[in-house]
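Each remark here refers to the structure printed beneath this line.
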């Protein structure tokens, strides 16, 4: 490798008692793709935020192209040639592509915008890196992949020589991911250096030259990608070997939940459903694939009793249920929400209160008074059964790691308030993005719990943007786009290309 274009030396950052980065020393060479791996909370985001000037390190220094990089100054990072593409779009939907790319590049005192020069620069950069884009297109009308293309162009037109990509394929179809990888190869061939953050180990091994692994804020491994395996990376991330989940043989049971031509209205596409029909069987995992914001949230809310259908019918166990979460829980529905911190738990309440949060009236309360002894005993059993580590039952749940918080949520869903955790079996489990942001060990654990519940006879609806997860777990796969559902069919009958086309709205992909 040539002389490093970036050099981080002894970077340390604390948030109170938490050491997010602990003496990290790392470098990046010209024309190199460096993958940054680590579980949720390992310190990846903090490190790149320090690099881009959003945070100031408590100790350590950064050099960019041989010169010290001023701390806490995003403008200095941009001027040094460092660009960042965030996981979620930061573009203004009501502006054009050209407006977004030029935003912030001109001084306020200039009376007229130099749009002609800006357009020429944008078009030239797009042609150079093979990033086709319409400068006059309104961003609100672009696909997710097209928006990401604009984000990359926004960085490149500002002469970025180092590009940080944070989970760049998290919301892309397979075809859009392939286009991104092609773009990456072209950028690297032009001498650009890339820091690639991802949880997808296959992608990391495919696109990177070198891999750095963070664990609990420390750099625990740095290795060339060639010759490295997914198992070795997973072990480096979690500190132990990760056993893959195993499905137990079982038969598919009867239909337990039916959606018949369901329609839901909403201001945004993600809040709508358009004539959705679906039957969920006991002992089967049905997966819903799709790019975020295409109706998944509406479907999950419907099957958790949070919203009512505007047309069509929904039944669970043969009975139509109103939009009442308690009624759905009493009927045997269990939920694993996509946001464990904001939706799945109450951060300031202790572990034991979160353990009974969805069933505190029955069986843990009488006459409006919580029976604390039985509730706390139940919480202890749940914590032991599902191996929730890092806190006692009186500890605020916000102090748990992401993986242990998810264990508590999964355990609560599968136990149903029963005196013996294995004595309860949910009729329907709605699992939305159940492993988002988890390390490889926690992912394998969650997958095993869903497989075991399915083998015991629960119907599982898995809503996920991770196609690897879907193919690993699903018996049947359906695809949602624009609130419409491509009917499910056996997972073995889908190809990655077909799913990608259906996710992009090509209706005849099936």
Handout entry: Antiparallel content of DSSP bridges confined to the stretch 4-238, in %, to 5
Key = 55 percent
Practice task
Compute the acute angle (0 to 90°) between the alpha-carbon long axis of helix 440-456 and the principal axis of greatest extent of the alpha-carbon atoms of the chain; round to the nearest 10°.
Solution key: 30 degrees
Problem - Helical contribution to [θ] at 222 nm, DSSP H n ≥ 4, -39,500 (n - 2.57), averaged over the chain, rounded to 500 - result: -9000 deg cm²/dmol
Practice task
Could you grab the relative contact order for the chain? Cα pairs under 8 Å, six or more apart, rounded to a whole percent.
Solution key: 15 percent
Fill in the blank from the handout: Quick shape check on the stretch 285-370: root eigenvalues a ≥ b ≥ c of the Cα gyration tensor, a/c under 1.5 is rounded, otherwise prolate if a/b tops b/c, else oblate, and it reads oblate
Completion exercise
Rounded to the nearest 5, the percent of antiparallel DSSP beta bridges in the chain equals 55 percent
Exercise for the section: Please determine, in degrees from 0 to 90 and to the nearest 10, the orientation of helix 144-156 with respect to the longest principal axis defined by the Cα atoms of the chain, where the helix direction is its Cα long axis. Expected result: 30 degrees
Fill in the blank from the handout: Rounded to the nearest 5, the percent of antiparallel DSSP beta bridges in the stretch 395-510 equals 50 percent
Completion exercise
With the label point 7 Å along the Cα-to-beta-carbon line of residue 261 and a cut-off under 15 Å to each amide N, the hits in the stretch 271-313 are 274-278, 310-313
Completion exercise
Taking alpha-carbon centroids only, the stretch 361-384 lies from the stretch 306-348 a number of Å equal to 22 Å
Problem - Area projected by the alpha carbon convex hull of the stretch 345-425, averaged over all directions, nm² - result: 4.7 nm²
Handout entry: Compactness index (Cα Rg / 2.2 N^0.38 Å), the stretch 25-170
Key = 1.11
Problem - On Cα atoms only, tilt of 372-385 relative to the major axis of the chain in degrees - result: 60 degrees
Practice task
Calculate the length of the line joining the C-alpha centroid of the stretch 150-175 to that of the stretch 197-274, in whole Å.
Solution key: 21 Å
Problem - Scaled radius of gyration (Cα, divided by 2.2 N^0.38 Å) that the chain gives - result: 1.03
Problem - Three-way shape label, the stretch 247-323, alpha-carbon gyration tensor, a/c 1.5 - result: oblate
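FYI, it's all coordinate maths here, none of it is from the lab. Remember, it's a predicted structure, so these values are computed and weren't measured experimentally. Counting neighbours? That spans all protein chains shown, and the Cβs are built from the backbone with ideal geometry, glycine included.
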